[in-house]
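Values quoted throughout were computed directly from the atomic coordinates according to the rules given, and no laboratory measurement underlies them. Bear in mind that the values here come from a model prediction, so they are computed numbers and not experimental data. Heads up, the Cβs are rebuilt from the backbone with ideal geometry, glycines too, and the neighbour counts pull from every protein chain shown.
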């Protein structure tokens, strides 16, 4: 067995996506974090956003 045999698509958001949509995606897939890609949708990784950090932003935390 090879690692590629275990790989599966992982949900991601663009830097232009709405934070509420990102939160819904986290909840739907029960994920601890989402990958964040460039806004031009070329799937260049910009970073990762954790559920806790996203919730801080949504409820007005620093």
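Per residue, the chain reaches -9500 deg cm²/dmol at 222 nm when only DSSP H runs of four or more residues are counted, each adding -39500 (n - 2.57). Figure legend: label point modelled 7 angstrom from the Cα of residue 46 along Cα→Cβ; residues of the range 1-32 with amide N under 18 Å from it are 11-26. Here the convex hull built on the C-alpha positions of the chain has a volume of 99 cubic angstrom per residue.
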